[in-house]
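Below is one structure, written out as structure tokens, with a few remarks after it.
The values are calculated or read from the model by the stated rules, or taken from the named source; none is laboratory data. Being a predicted model, the structure only gives us computed values, none of them experimental. Don't worry about glycine lacking a Cβ; one is built from the backbone with ideal geometry, like all the others, and counts go over all protein chains shown.
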Ligand code: PAF
């Protein structure tokens, strides 16, 4: 495995791999890797000869009051995990190389990015689409793997890829969960034992919704009411949103769901830790 820090070196490498006819899979990350990320690597390895993992805590996707400066950093451990997972290249750029002085060009998806996460984190997706577009141009992948855990991110990036004619396949990997249901996330490490217990209500609420759907329930208001009721029982958990949206457009589903096209998506504060989770219904 080789670690690359320079944008120009990564671009040269990508060009030469492509010239040799090698297929490149990209797994973009912000580091603090956990088994969820490594499951994306496993999928990537099945799709291409060369797997590139990027580790970059992207400043532009954090709002002014968000956790950018305290976002977990553990480069040594991340590199070891990538090596063990069979990654070929890890690209770890410097912020100044990605956003040089006087940087002024951004990629904005103007529709799917607006509700849900976009409503409470207004500049978040502008940062995500900008950095992902840059990583696409630098790494020149044939496919890129993203986790379903960030359902809106998947929808926004898929739309950007279509709208801007990136010749890249967006592959969506299922959410990995702890045995007790908690979706794997780099932010879980912020949770105390007590908060972690209360955070389990997210997956419980989603499971309840899927059970209700399996039993024949289709009404959006009933599904949301039950999830909201469950979450409301936890003292430390405050709802940011509980929504049922179209999984491609992120528009609220009205009336009844159509199986397979709707996703229940939840964001909460567990005290000061912001968590999201979702399940396709
Ligand atoms: O999902 C993430 O970790 C980030 O949003 C991504 C896609 C790596 C862009 O910074």
Can you pull out every residue in the stretch 149-183 that is within 29 Å of residue 273 (Cα to Cα) and more than 16 Å from the ligand (Cβ to nearest atom)? 177, 178, 179, 180, 181, 182
How do the pairs read when you match residues in the stretch 44-64 that are over 22 Å from residue 117 (Cβ atoms) and in a loop (DSSP other than H, G, I, E, B) with residues anywhere that are more than 9 Å from the ligand (Cβ to nearest atom) and at pLDDT 95 or above, using Cβ under 6 Å and keeping only pairs 6 or more apart or on different chains? 48/23; 48/24; 48/25; 49/22; 49/23
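In the stretch 2-19, is there at least one residue being under 29 Å from residue 275 (Cβ atoms) and surrounded by 22 or more Cβ atoms within 10 Å (Cβ to Cβ)?
Just the residues of the stretch 2-19 that are under 29 Å from residue 275 (Cβ atoms), to begin with: none.
The answer is no; no qualifying residue exists.
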Being outside any helix (DSSP H, G or I), touching a residue at least 12 places away in the same chain (Cβ under 8 Å) and surrounded by 14 or more Cβ atoms within 10 Å (Cβ to Cβ) is the requirement here; does residue 41 meet it? no
Residues of the stretch 21-35 satisfying the condition of being closer than 14 Å to residue 78 by Cα, touching a strand residue (DSSP E or B) at 6+ places or on another chain (Cβ under 6 Å) and not in a strand (DSSP E or B): 31
Show the residue pairs meeting these rules: Cβ distance below 8 Å; 6+ apart or different chains; first residue within the stretch 146-166 and in contact (Cβ under 8 Å) with a residue 40 or more places away in the chain and on the phi < 0 side of the Ramachandran plot; second residue within 11 Å of the ligand (Cβ to nearest atom) and in a loop (DSSP other than H, G, I, E, B). 149/185
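Hey, does the stretch 180-190 have a residue that's in a loop (DSSP other than H, G, I, E, B), under 17 Å from the mean Cα position of the chain (by Cα), free of Cβ contacts under 8 Å to residues at least 24 places away in the same chain and over 27 Å from residue 114 (Cβ atoms)? Walk me through how you get there before you give the answer.
Initially, the stretch 180-190 is screened for residues in a loop (DSSP other than H, G, I, E, B), giving 180-182, 184-185.
Checking which are under 17 Å from the mean Cα position of the chain (by Cα) leaves us with 182, 184-185.
Checking which are free of Cβ contacts under 8 Å to residues at least 24 places away in the same chain leaves us with 182.
Those still in the list that are over 27 Å from residue 114 (Cβ atoms) too: 182.
There is at least one residue in the stretch 180-190 that is in a loop (DSSP other than H, G, I, E, B), under 17 Å from the mean Cα position of the chain (by Cα), free of Cβ contacts under 8 Å to residues at least 24 places away in the same chain and over 27 Å from residue 114 (Cβ atoms).
Can you confirm whether residue 62 is within 13 Å of the ligand (Cβ to nearest atom) and closer than 26 Å to residue 20 by Cβ?
Numbers: within 13 Å of the ligand (Cβ to nearest atom): yes; closer than 26 Å to residue 20 by Cβ: no.
So residue 62 does not fit the description; no.
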Output the number of the condition that residue 78 fails; it satisfies all remaining conditions of (1) exposed (fewer than 13 other Cβ atoms within 10 Å of the Cβ); (2) in contact with a strand residue (DSSP E or B) (Cβ under 8 Å, 6 or more places away or on another chain). (1)
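If we scan the stretch 225-235, do we find a residue that is part of a strand (DSSP E or B), over 18 Å from the mean Cα position of the chain (by Cα) and more than 24 Å from residue 161 (Cα to Cα)?
No: zero hits.
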Could you please find all residues in the stretch 225-237 being surrounded by 14 or more Cβ atoms within 10 Å (Cβ to Cβ) and in contact (Cβ under 8 Å) with a residue 24 or more places away in the chain? 227, 230, 231, 234, 236, 237
